[in-house]
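A short write-up of the structure that comes next.
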Amino acid sequence: MTAPERRRPPRSSQSGQAAVELALALPVVVLLVLLVVQAGLVVVDQVAVVQAAREGARAAARDPTPGAARVAALSNGLTNGRTEVQETSHGGAPPTVTVEVVHQARTDVPIVGSLLPDVDLRASATMAREAP
């Protein structure tokens, strides 16, 4: 008798199933990752808008010169989009100043950026005016 013949396992009809599942799931996973990246960029812009409002209010409280709040608020690097700064003085004891920053953050991550609208971010800060 000769050496026992090796038996081949029967061919399965599922031989390419893993590759097909990967090909179907990969675009969805990439899209979800890009959405998370875009959301992270919007959060970073929101933090920058809050910081810009605080810096603008601080500058307006220390310097009565018109436009000091705008210069201080825009020096925080809000370059990716359109930014508006509005300064409002209030009477009372003590007199206060409020600075509101409105920034339109662009959604420009590839693929998902064109699917999402630009986001309007707002922040305001109020501080007491300092005596000269």
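The values are calculated or read from the model by the stated rules, or taken from the named source; none is laboratory data. The model shown is predicted, which means the values in this text are computed figures rather than measured ones. Here the Cβ positions follow ideal geometry from the backbone for every residue, glycine too, while neighbour counts run over all protein chains shown.
Laid out as a table, the results:
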| quantity | calculated |
| --- | --- |
| Test: residue in segment 112-121 that is in contact with a Ser or Thr (Cβ under 6 Å, 6 or more places away or on another chain), more than 26 Å from VAL30 (Cβ to Cβ) and at pLDDT 90 or above | no |
| For ALA125: the one exception among (1) exposed (fewer than 12 other Cβ atoms within 10 Å of the Cβ); (2) touching a residue at least 40 places away in the same chain (Cβ under 8 Å) | (1) |
| Test: ALA131 is of a type in the set (A, V, I, L, M) and either outside any loop (DSSP other than H, G, I, E, B) or touching a helix residue (DSSP H, G or I) at 6+ places or on another chain (Cβ under 6 Å) (or both) | no |
| Qualifying residue in segment 35-45 (condition: of a type in the set (D, E, K, R), more than 25 Å from the chain's Cα centre (by Cα) and in a helix (DSSP H, G or I)) | no |
| Residues that are in contact (Cβ under 8 Å) with a residue 40 or more places away in the chain, of a type in the set (S, T, N, Q) and part of a strand (DSSP E or B), drawn from segment 93-122 | THR98 |
